[in-house]
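Some notes on the structure that comes next.
We did not get these values from a lab; they are worked out from the coordinates using the rules stated. None of the values given here were measured: they were computed from a predicted structure. Cβ: placed from backbone, ideal geometry, glycine included. Neighbour counts: every protein chain shown.
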Amino acid sequence: MSRKYLVDTHILLWVLNADSRLSDHHRDIFLAGEDVTVSAISVAEIAIKKSLGKIALTGDVVEILRSNGIPILSVNELHAARLEHLPLHHRDPFDRPHCTGSDRRPDAGHGGSPFFSL
């Protein structure tokens with residue numbers, strides 16, 4: 001049985017751009033077809049960064065993810081409300097909401113999956 005992974009935005013961008021900063025370990029996970037998921041927060045972060053000209057990404061990120069069979073984890077108002085109680089493991093304002101969306105949360109004791117992070 002494969003492990004489940006919630007992918008950090010930077011790792012996702014490195015995968016999509018074949019960036020040399022992507023570790024062999026993370027590359028192997030994608031190449032092996034492990035169960036990876038991307039949060040809708042990452043989609044929002046990429047859209048914001050693209051609109052500000054901070055990143056170059058050819059194509060629509062949602063279409064790229066869908067065409068590669070990578071599911072997008074939705075975030076709703078209940079997930080947003082959980083931010084108040086989330087431990088301060090992730091101080092980056094975009095990283096914190098990633099952890100609220102499902103049982104894939106990486107916080108200890110919840111059986112969550114690894115969170116690809118820098």
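Quick notes
- Phi-derived couplings, Karplus 6.51 cos²θ - 1.76 cosθ + 1.60 at θ = phi - 60°, listed residue by residue for segment 33-46: x, 4, 7, 10, 9, 10, 6, 4, 4, 5, 4, 5, 4, 5 Hz, with x used for Gly and Pro.
- Amide H to amide H distances under 5 Å link L73 with V38, S39, A40, where only residues 5 or more positions off or on other chains count and H is placed in the peptide plane.
- Packing, as the average of other Cβ atoms within 10 Å across residues, places the peptides 37-47, 73-83 in the order 37-47, 73-83, highest first.
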